[in-house]
Amino acid sequence: MKKHYLGVDIGGTFIKYAKVDEEFNIINKWKVKSVEFADKDGFYDYLCSNMGDLHEVESIGIDTWGVDFGLLDEEGNLITFPANYRDSRTKGILERVSKLFSLEDLYLITGNQIMEINTLFQLLALREKNPELFYQVKTILLIPDLFNYLLTGKIAVECSIASTTQLTNSYTKEWSEKVLDNFELSRHMFPKIVKEGNFLGTAKPELGLGDIKVINVCQHDTASAVVSVPSEKEFLFISCGTWSLIGTELKEPILSKDAMKFNLTNESGHSGTTRLLKNCTGLWLIQELKRNYEEDGVNYSYEEIANIASLVSSNKCLIDTDDEIFSEPGDMRERIVSYAKRTTQSIPNKPEEFFRCAYESLAHTYKKTIEEIEIVTNKKFEEIHIVGGGSNATFFCQLVANITGKKVIAGPGEATAIGNIVIQLISLKKIKDVAEARKIISNSFNLITFMPNMK
């Protein structure tokens with residue numbers, strides 16, 4: 001019987017599934033909308049019910065976004081629903097934290113970009129605002145580790161997802177005793193950190209999923225996406241989804257003053273590598289604009305959005321895509337108009353003008369971030385690998401090539417799910433290592449190259 005391997009990528013917009021066979025062919029890929037449920041069992045049942053036919057599936061791996069978490073009590077029960085980072089719980093917390101601990105010292109220990117949404121600051125905000133709930137906590141699990149726990153009953157935290165918390169040492173890749181002690185966080189709340197490829201256990205019999213192996217993949221979605229970058233040399237990557245994560249892969253973290261000034265983050269990758277990157281607003285802007293028009297009764301597909309944006313001959317408005325006014329759900333058109341007025345720019349009016357403004361502004365953010373990475377690494381990169389959903393937008397990829405002046409290689413679009421499965425196959429000794437996997441990916445997927453047009 002042929003064996004299949006299932007990768008599950010849980011995002012804020014979609015849950016994506018991909019299944020490959022022993023010859024590394026994609027048997028099937030599908031996605032369903034991420035929807036809100038009134039209880040944890042509802043979402044969990046929804047996740048499992050959409051896994052499809054599992055009778056030939058040998059293993060499964062789950063990855064998600066970073067920083068968010070679930071809280072377990074003494075009995076191992078979920079105390080409350082995990083909160084999403086896109087709320088206002090942590091507003092203003094950096095100022096309060098800076099009075100207790102130097103933010104520069106915090107960066108030098110953890111290597112993490114200082115962002116209010118990071119797990120450390122979420123935990124401190126929770127303790128401030130709801131101490132009774134906080135002191136019921138026995139175990140903190142990052143989102144993919146929580147799902148793995150629900151699947152197997154086993155508790156562990158994988159290295160790449162742990163590195164998004166602002167609670168680990170960037171060199172040892174273990175929980176930082178200094179950070180935990182300073183903020184009076186109990187070491188016992190944080191489970192053992194395991195490397196990617198760890199066999200966690202099999203699915204619980206009562207789930208009816210069969211004897212499926214659950215493997216700790218690179219559980220931060222960006223870490224999985226970078227695994228599938230089809231390059232045999234040093235590279236820049238843009239993992240383009242709701243967030244845009246722009247960076248490169250290094251052997252060691254970089255904790256320089258410039259790295260901190262540019263707010264670059266050092267996160268753990270496969271095989272002990274470090275991903276030096278910056279979290280920037282990504283297709284979130286496009287998604288919100290799309291939603292805004294849907295509320296008005298106008299339904300654009302993403303292909304239609306790219307097409308109409310490409311017809312704008314001259315965009316006269318650029319926004320700072322990382323400005324906090326764009327970070328929360330709402331009417332992005334109003335916020336873009338407000339930003340344009342504040343910066344004395346031409347004001348977009350038509351849908352195509354709003355979409356073009358968002359796309360072009362994102363490309364300029366990429367250019368600026370790449371320049372910062374080149375300064376910090378003292379390297380010049382010739383090409384950019386765009387992976388994830390954004391790699392499917394031909395207009396956008398060409399725009400990025402034009403604005404950055406660098407060759408862009410787009411694909412695979414399913415990078416996260418593929419990288420997820422690669423780690424499973426390495427764990428099961430079907431593939432030797434990531435280098436071998438990248439050669440297979442390069443030969444197996446239709447990659448598109450975009451050369452810069454400087455006219």
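Which of the listed residues, CYS218, ILE109, ALA401, is farthest toward the dipole's positive end in the chain, when Lys, Arg count +1 and Asp, Glu count -1 at the beta-carbon?
ALA401
Can you match Rg/Rh (Cα atoms, Kirkwood Rh) to one of these, (i) 0.95; (ii) 0.97; (iii) 1.04, based on a calculation from the structure here?
Answer label, from the structure shown: (i).
For the stretch 52-119, which GluC sites (Glu not before Pro) pass both filters: DSSP loop (anything but H, G, I, E, B) and at most 15 other C-beta atoms within 10 Å?
The qualifying sites are GLU56, GLU74, GLU75.
Enumerate the amide H contacts of LYS213 below 5 Å, restricted to partners 5 or more residues apart or on another chain; note that Pro and chain-start residues carry no placed amide H.
Answer set, sorted by chain and number: SER59, ILE60.
Counting other Cβ atoms within 10 Å, keep those with at most 13, restrict to DSSP loop, and tell me which trypsin sites (Lys or Arg not before Pro) in the stretch 115-206 are left.
In loop regions of the stretch 115-206 (DSSP not H, G, I, E or B), the sparsely surrounded trypsin sites (Lys or Arg not before Pro) are LYS192.
Quick check for me: using +1 on Lys/Arg Cβ and -1 on Asp/Glu Cβ, what's the dipole size of the chain about its Cα centre, in debye to the nearest 20? All intermediate terms of the calculation are to be shown ahead of the outcome.
Details: 51 positive and 63 negative charges, 211 e Å.
Value, rounded to 20: 1020 debye.
Could I have the simple spin-label model distance between LYS33 and GLU206, label points 7 Å from Cα toward Cβ, reported in nm to one decimal?
3.2 nm
Pull up the DSSP beta bridges for the chain and report the antiparallel fraction as a percent, rounded to 5.
Antiparallel bridges: around 70 percent, rounded to the nearest 5.
What's the extension gain from THR449 to ASN77 if we count 0.36 nm per residue and subtract their Cα-Cα distance?
Numbers: separation 372, 0.36 × 372 = 133.92 nm, distance 4.89 nm.
The span from THR449 to ASN77 would gain 129.0 nm if fully extended.
From the phi angles alone, apply the Karplus equation (6.51, -1.76, 1.60; θ = phi - 60°) to the stretch 22-37 and give each ³J(HN,Hα) in whole Hz, x where the residue is Gly or Pro.
Going residue by residue, I get 5, 8, 6, 8, 6, 6, 7, 9, 7, 9, 10, 5, 6, 10, 8, 10 Hz, with x marking Gly and Pro.
Classify the stretch 331-375 from the C-alpha gyration tensor, please: rounded if a/c falls under 1.5, else prolate or oblate depending on whether a/b exceeds b/c.
Prolate, since a/c reaches 1.5 and a/b exceeds b/c.
For the pair LYS154/PHE199, report the inter-label distance in nm, with labels modelled 7 Å from Cα in the Cβ direction.
0.8 nm
Quick one: which of LYS138/LYS213; LYS40/LYS138; LYS278/LYS407; LYS19/LYS406 span more than 23 angstrom between C-alpha atoms?
Violating the 23 Å Cα-Cα cut-off are LYS138/LYS213; LYS19/LYS406.
Could you pull out the trypsin sites (Lys or Arg not before Pro) across the stretch 197-274 that fall in loop regions by DSSP (anything but H, G, I, E, B) with no more than 13 other Cβ atoms inside 10 Å?
Passing sites in the stretch 197-274 are LYS233, LYS251.
Which whole-number percentage describes the relative contact order of the chain, with Cα contacts under 8 Å and a sequence gap of 6 or more?
About 16 percent, as a whole number.
Could you pull out every one of the aspartates and glutamates with an alpha carbon less than 17 Å from that of LYS29, ignoring same-chain neighbours closer than 8 positions?
Qualifying aspartates and glutamates at Cα under 17 Å: ASP9, ASP21, ASP53, GLU56, GLU58, ASP63, ASP221, GLU414.
If the label point is 7 Å along Cα→Cβ of ASP87, which residues in the stretch 115-130 have backbone nitrogen under 18 Å from it?
116-130
Distance cut-off 24 Å, Cα to Cα: go down the list LYS192/LYS257; LYS316/LYS368; LYS33/LYS290; LYS154/LYS195; LYS257/LYS367; LYS33/LYS350 and report the pairs above it.
LYS192/LYS257; LYS33/LYS350
Hey, for a label at GLN136 modelled as a point 7 Å past Cα toward Cβ, could you say which residues of the stretch 69-83 have their backbone N under 16 Å away?
Only 70-83 fall inside the zone, counting backbone N under 16 Å.
Read-outs: derived from the displayed coordinates by stated rules, not from any lab. Nothing here was measured: the structure is a model prediction, and the numbers come from that model. With ideal geometry, Cβ positions are generated from the backbone for all residues, glycine too; neighbour counts draw on all protein chains shown.
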